Amino acid sequence: MSTHRSPCLDAGGLLRVAGGGVLISFSAVFVKLVHVGPSQSAFYRMFFGGLALLCVALARRERLRARPGVWAVMVGAAVLFALDLECWHRGILLIGPGLATIIGNFQVFFIAIAGALLLGEKLSARHMAAIPLALAGLWLLLGVSPAELLPTSTAGGLVVGDSLAGVGYGFATALFYTGFILLLRQSRGMAGMLSPVANMAVISLACAAVSGAGILARGDSFAIADAASGGYLMAYGVLCQGVGWVLLSTGLPRLPASLAGLVMLVQPALSFVWDILLFKRPTDAWGMAGAGIALFAIWLGLSGASGASGGAGARVCRPGDLEGGADAVPHEDA
C-alpha cells in the first residue's frame with residue numbers, strides 16, 4: 001500500500017536559483033564601476049561570459065552542432081540580447097542600477113502580452129492586476145514630478161531630462177528582452193536543439209560579435225582604461241553571465257514556476273539595495289514603498305504565468321524524497 005506524499009521543494013534548486021539571482025544582482029554594479037562605455041560593457045560581458053559557458057559545455061562534452069534553422073533563431077536572439085544590453089547599460093548610467101533593473105524586469109508583463117497577442121495565451125487575473133500596480137510602484141520609485149520628466153529649454157535647444165531618457169531605455173530594455181526570451185524559447189523547442197548551457201554559450205558569443213561590430217562601425221575603441229575596470233569586466237562576464245546563468249538554468253526546472261518567480265526577485269531587489277549602499281541613491285519612504293509595490297507586481301506577474309500553483313506550503317525535500325532520478329525532478333531539457 002503506497003502512502004501519498006505532499007510535494008516537496010528541491011533544496012538544491014532553491015539554492016541554485018537564489019545563488020544565481022545574487023550573482024546577477026551585481027551586474028548593474030559592475031556596469032556602474034567600469035570606466036568603459038555601455039557598448040564596451042556589453043561586449044566584454046558576453047565575450048567573457050560566453051567563453052566561460054563554452055568551457056562548461058566542452059567540459060560536459062555537450063554537442064555544439066545544430067541545424068541551420070536553430071542557428072538562425074539563436075543569432076536572432078543574440079541580436080535582440082545585444083540591443084537589450086545596450087539600452088540597459090545606458091539606463092544604468094542615467095538613473096542608477098536599482099531603478100534601471102526594476103524597469104527592465106517589466107519584461108514579465110511584455111512577455112505575457114506578447115503571449116496573448118502572438119501565441120493565443122490567456123492573460124491571468126494576476127497579470128491584469130499586476131500591470132497597474134507595477135506602473136504605480138514605478139511612479140513612486142522614480143520620485144520626480146511631471147515637470148522633471150519634460151524636456152527643458154537651454155541655450156542649445158530642448159534637452160530631454162535624464163530621468164525620462166533613463167526610463168525610456170528601461171522600457172526598451174524590457175521590450176528587447178521580451179523578444180530575446182521568445183526566440184530563446186523557440187530555439188529550445190526546435191529539433192536538433194542544443195543543451196541549455198551550450199545554447200547560451202553560442203548566443204553569448206554571437207551577442208559579443210554583434211556588440212563588437214557596432215563598436216567597430218562607430219569607430220570606437222575596445223580599450224579598457226585601467227586594470228580595475230578589466231577585473232570588473234571579467235567578473236561581470238564570468239560570474240554574472242557565466243556562473244549565474246548555469247545556476248539559473250539548472251535550478252529553475254526544479255522549482256514550481258510561482259516559487260521560482262518569487263526567489264528570482266532577489267536579483268532586482270538586491271540591485272536596488274546595492275544602488276543605495278554603494279552609490280548613495282537618495283530614496284525616501286515613498287521611494288521604498290514604490291520599490292516594494294513594483295517588486296510585488298513583478299512577482300504577481302511571474303506567479304500568474306503558472307496559475308500561482310505549487311510552492312505554497314510545500315516542505316523542503318528530505319534525503320530519499322527525490323529518489324527515482326529524472327522522473328522525480330523536471331529535467332532542464334523539459
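Here are the numbers for the structure shown:
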read-out: Label-to-label distance, nm, for residues given as Trp139 and Phe222 (7 Å Cα→Cβ offset); value: 4.7
read-out: Estimated FRET transfer efficiency (Ala18, Leu58; beta-carbon r; R0 22 Å; 0.05); value: 0.20
read-out: Within segment 24-79, trypsin sites (Lys or Arg not before Pro) in DSSP loop having at most 15 other beta-carbon neighbours inside 10 Å; value: Arg60, Arg61, Arg63, Arg65
read-out: Segment 1-100 - Debye-derived log10 I(q)/I(0), Cα point model, q = 0.10, 0.16, 0.22 Å⁻¹; value: -0.45, -0.92, -1.22
read-out: Label-point gap, in nm, between Gln186 and Leu118 - each point 7 angstrom along Cα→Cβ; value: 0.6
read-out: FRET E, pair Arg65, Ala213, Förster distance 22 Å, beta-carbon r, rounded to 0.05; value: 0.35
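We did not get these values from a lab; they are worked out from the coordinates using the rules stated. Only a predicted model underlies this, so the values are computations on that prediction, with no experimental measurement involved. Reconstructed Cβ throughout: ideal geometry from the backbone, glycine too, with neighbour counts over all protein chains shown.
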